[in-house]
Amino acid sequence: MHHSGGHPSAALWLLLGILPLILLCFYLLAAVRLRRTARWSLWHLASFTAGTLVIVAAVLPPLADWAHHDLRGHMLQHLCLGMFGPLGLVFGAPGSLLLRSVSAQRARSIMTILRTQPVRFLIHPVTAAFLDIGGMYLLYLTPFYALSMASPVLFVFLHLHFVLSGYLFTWSVAGPDPAPHRPPRSVRLLVIFLATAAHAILGKLMYGYGYPHGTAASLAEIQAAAQWMYYGGDIAEFCIIIGFFAAWFRQRSTLPDALVDKSPLAR
């Protein structure tokens with residue numbers, strides 16, 4: 001067993017089990033209301049629902065119990081919470097649904113908040129990549145993982161960080177929702193490739209040097225977890241790239257060529 005403290009299942013289930021289901025209910029209600037008078041893609045609805053269910057499943061038995069005792073289970077849980085779950089949420093376009101569901105005044109207020117300097121810094125792809133990929137380097141190459149397994153507070157914070165940083169990164173580089181002052185596509189594509197490379201390098205470091213240290217996991221268990229990270233991360237990042245180019249091609253098919261690079265939607 002890796003977790004030497006009490007298993008904070010109640011707090012984790014509340015934050016990543018109950019809360020996502022509540023948000024899904026609000027999403028479904030907003031989508032149904034919008035579809036009475038306007039169009040809302042069933043793909044968006046299915047994507048958000050799938051992302052929510054992946055996150056909820058990650059904090060339920062048997063996966064949560066396996067992750068509690070085994071680094072391989074932890075890594076699968078990490079992939080669900082930090083990559084595949086957020087991927088589904090982001091491509092469900094909840095921000096666009098929110099903006100279309102509230103009054104014009106409230107929508108302008110939301111966009112004003114997104115344009116403030118601190119928020120612009122937070123949602124920049126480079127910042128998001130450091131929070132997401134950099135956070136993983138901090139977790140697995142330092143004693144932080146062992147500390148989180150011994151502290152219920154750090155344990156819950158770790159799992160929240162997986163979801164929030166994964167969502168922020170995916171949204172910043174490839175999300176369909178509006179993001180004011182979003183960098184050009186060339187910058188975002190470069191960030192995607194660099195983040196993919198950094199993620200793969202981390203998996204190799206874990207496999208070759210037995211990170212994270214200070215746990216009861218055997219080398220074979222650590223190496224298996226590293227392989228989960230390496231190959232699972234490749235699949236998730238490939239999905240991000242597909243979403244990135246799908247949005248680009250969809251935009252080019254709906255805008256005249258002369259306006260593609262000038263339109264605010266291209267950023």
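The values are calculated or read from the model by the stated rules, or taken from the named source; none is laboratory data. These numbers come from a predicted model, not from an experiment. Counting neighbours? That spans all protein chains shown, and the Cβs are built from the backbone with ideal geometry, glycine included.
For every residue, the table says whether it meets (1) buried (at least 17 other Cβ atoms within 10 Å of the Cβ); (2) out of contact with any Asp or Glu (no Cβ under 8 Å at 6 or more places or on another chain); (3) at pLDDT 95 or above.
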| position | (1), (2), (3) |
| --- | --- |
| 2 | yes, no, no |
| 14 | no, yes, no |
| 24 | yes, yes, yes |
| 29 | no, yes, yes |
| 56 | yes, yes, yes |
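Among the residues of the stretch 156-194, those that are aliphatic (A, V, I, L, M) and over 20 Å from residue 248 (Cα atoms) comprise 156, 158, 160, 163, 164. Scanning the stretch 44-86 for residues that are under 20 Å from residue 131 (Cα atoms) and among the small types (Gly, Ala, Ser) yields 82, 85.
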